[in-house]
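The values are calculated or read from the model by the stated rules, or taken from the named source; none is laboratory data. The structure displayed is predicted, hence computed values, not measured ones. Positions of Cβ are generated from backbone atoms using ideal geometry, with glycine treated the same way; all protein chains shown enter the neighbour counts. The accessibility values were calculated without ligands, DNA or RNA, using every heavy atom of the protein model including side chains. Shrake-Rupley method; radii C 1.70, N 1.55, O 1.52, S 1.80 Å.
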Amino acid sequence: VASLSVVSAHGESDPSPFSEVVALPSPPMAMEEPPTVEVADASSLRVTWAAPAAGDAPGLLGFEMLVREGWGAERLYDPVRREIVDGGAPLLPPERTSVLLTGVRRDVEYSTALVVVAAAGRSVASPFSPPIALRPPPVPEPPGADVANSSQIRVYWKQVDHLPGLIGYSVAVFDGCSVRYLNPKTGSLAAESAGLRPVPPAQTSVVVGGLCPGLRYAAAVSAGNALGWSQYSLFGEPATLHAPGAPTRLEIEILGVGSAQLCWEPPPLEGAPEVTAYAVSVAVPHAKCLLYLDGQTGALLPSAREARPVPGQATFVRIGSLSANTVYKAKVAAMNRVGWGPYSAWSEPFSITAPPAPGQPTIKILNGKSVQVTWPPSKHVPRPTGFAVVLHDGGSLKYYDWQRRALADS
């Protein structure tokens, strides 16, 4: 508000009435949130922000963008020259909510803040955005590897998300003596990485071929973009290209007439792929022949080609087609994705035979016309199907008839 007095040589008048109250416009409010800065390409950053509400910046004239480049002082963004300058710069138009910051140096961290400029003045700067830099991708996590077959492994890894986007991956393989590099075009390994095409960026697994059975292979991965390549990851757990060892601790149990059960202990993996199947061979020593178990029916066949394998998760199998009073012995081999391992040692010989003579019976007189005969139980397998009881009366043999519960002469 204001009031006036007239001053002359004759004196000073009384003050005039006060004017109406007039409020000076307030400076615009500062933006509470920092700008968002993202990688646009290999040499540019994109800066975006939300326009202030109309009531927060009456008479909006535009924005000033402050830029921190590395550890340097704050500088201004010039929207006309589209670069960072040390002196004054034109305002960003009020309708703009994003700019492309070009000429950005790699491996230098950048952060930005905005100042709102209106007719009533300038706001304080917004908070600065988190620092961001144009860099090659980070180091990938160690990849995994498993055996595909006797000469190939599959290498797989977690996708690397990074901006600027990836141009691909490089895969290195260590065989215990040297490091070689995958040629994605051929699937084989090369002594040098120079000149090799990268694995496409959308791909996260490869099959590496031309490998030697019996060796352990470990892989490492590097990711690349337009700014360069990351360091290789640590080598992951190795995959071993060898067939399984021989099963151990074979045991035979006679099940009944014509069949037996063979049990075994699986071979230790020791880095090899899991067992996928077993083969069982049965020898008949006196006939000098070798038979092969069909893993689905339990029958013994003369040809190994006709015999289907036993599933890899099994640790026992039923052997059928066995003849009585014939001696057999068995052995087992295991297979994985590399191939078949060696056969185990032979089991102890086994056969299906008639039961041996029972233990000596005892007789107990019950009354003047009957006696009780008892004998030890038989533990023979197959279990006995019956017993014959013979009594000697001092002059001749008498045979007990189970159904009639009486003695007969024959």
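Looking only at residues in the range 199-215 that are closer than 26 Å to Gly339 by Cα and not in a loop (DSSP other than H, G, I, E, B), the one that is most open to solvent (accessible area, probe 1.4 Å) is Val207. Is there a residue being open to solvent by less than 10 Å² (accessible area, probe 1.4 Å) and part of a loop (DSSP other than H, G, I, E, B) anywhere in the range 245-257? Yes; the residues of the range 245-257 include at least one that is open to solvent by less than 10 Å² (accessible area, probe 1.4 Å) and part of a loop (DSSP other than H, G, I, E, B). Scanning the range 325-371 for residues being touching a Lys or Arg at 6+ places or on another chain (Cβ under 8 Å), open to solvent by 60 Å² or more (accessible area, probe 1.4 Å) and modelled with pLDDT of 90 or more gives a total of 5. Scanning the range 73-86 for residues that are among the β-branched types (Val, Ile, Thr) and either open to solvent by less than 40 Å² (accessible area, probe 1.4 Å) or out of contact with any Pro (no Cβ under 7 Å at 6 or more places or on another chain) (or both) yields a count of 2. Within the range 102-116, residues that are under 17 Å from Val85 (Cβ atoms) and without any contact (Cβ under 8 Å) to a residue 40 or more places away in the chain sit with their Cβ atoms under 7 Å from residues that are part of a loop (DSSP other than H, G, I, E, B) and open to solvent by 10 Å² or more (accessible area, probe 1.4 Å), at 6+ positions apart or across chains, in these pairs: Val108/Gly70; Val108/Ala133. Please verify whether the range 193-207 includes one or more residues that are among the β-branched types (Val, Ile, Thr), at pLDDT 95 or above and closer than 23 Å to Pro244 by Cα. Yes, there is a match, as at least one residue in the range 193-207 is among the β-branched types (Val, Ile, Thr), at pLDDT 95 or above and closer than 23 Å to Pro244 by Cα. The set of residues in the range 158-198 being surrounded by 16 or more Cβ atoms within 10 Å (Cβ to Cβ), in a loop (DSSP other than H, G, I, E, B) and without any contact (Cβ under 8 Å) to a residue 60 or more places away in the chain consists of Asp175, Pro184, Ser193, Leu196, Pro198. Annotation: of all residues in the range 60-72 being under 47 Å from the mean Cα position of the chain (by Cα) and open to solvent by 70 Å² or more (accessible area, probe 1.4 Å), the one that is modelled with the highest pLDDT is Arg68.
Reported count of residues in the range 109-134, each being farther than 15 Å from Arg75 by Cα and touching a Gly at 6+ places or on another chain (Cβ under 8 Å), is 4.
For Ala125, indicate whether it is in contact with a strand residue (DSSP E or B) (Cβ under 6 Å, 6 or more places away or on another chain), buried (at least 19 other Cβ atoms within 10 Å of the Cβ) and either part of a loop (DSSP other than H, G, I, E, B) or modelled with pLDDT of 95 or more (or both). No.
For the range 271-325, taking the residues that are in a strand (DSSP E or B) and among the small types (Gly, Ala, Ser), the one that is farthest from Ser259 (Cα to Cα) is identified as Ala277. Among the candidates Ala223, Ala246, the residue that is touching a residue at least 40 places away in the same chain (Cβ under 8 Å) and under 24 Å from Tyr328 (Cα atoms) is uniquely Ala246. Of the residues Ala42, Ala113, Ala30, Ala119, the single one that is more than 30 Å from Leu227 (Cα to Cα), open to solvent by less than 80 Å² (accessible area, probe 1.4 Å) and either of a type outside the set (Lys, Arg) or over 51 Å from the mean Cα position of the chain (by Cα) (or both) is Ala30. Do we find a residue being open to solvent by 40 Å² or more (accessible area, probe 1.4 Å), more than 52 Å from the chain's Cα centre (by Cα), aliphatic (A, V, I, L, M) and at pLDDT 90 or above anywhere in the range 87-102? Yes: one or more hits. When you check Ala57 against the structure, is it surrounded by 15 or more Cβ atoms within 10 Å (Cβ to Cβ), more than 41 Å from the chain's Cα centre (by Cα), small (Gly, Ala, Ser) and within 23 Å of Arg105 (Cβ to Cβ), yes or no? No.
Of all residues in the range 228-256, those satisfying the criterion of being of a type in the set (A, V, I, L, M, F, W, C) and touching a Ser or Thr at 6+ places or on another chain (Cβ under 9 Å) are Trp229, Leu241, Ala243, Ala246, Leu250, Ile252, Ile254. Looking across the range 216-240, the residues that are assigned to a loop (DSSP other than H, G, I, E, B) and either hydroxyl-bearing (Ser, Thr, Tyr) or touching a strand residue (DSSP E or B) at 6+ places or on another chain (Cβ under 6 Å) (or both) come down to Leu227, Ser230, Tyr232, Ser233, Phe235, Gly236, Pro238. Look through the range 381-399, keep the residues that are surrounded by 13 or more Cβ atoms within 10 Å (Cβ to Cβ) and more than 25 Å from Thr353 (Cβ to Cβ), and return whichever of them is farthest from the chain's Cα centre (by Cα). Selected residue: Lys398.
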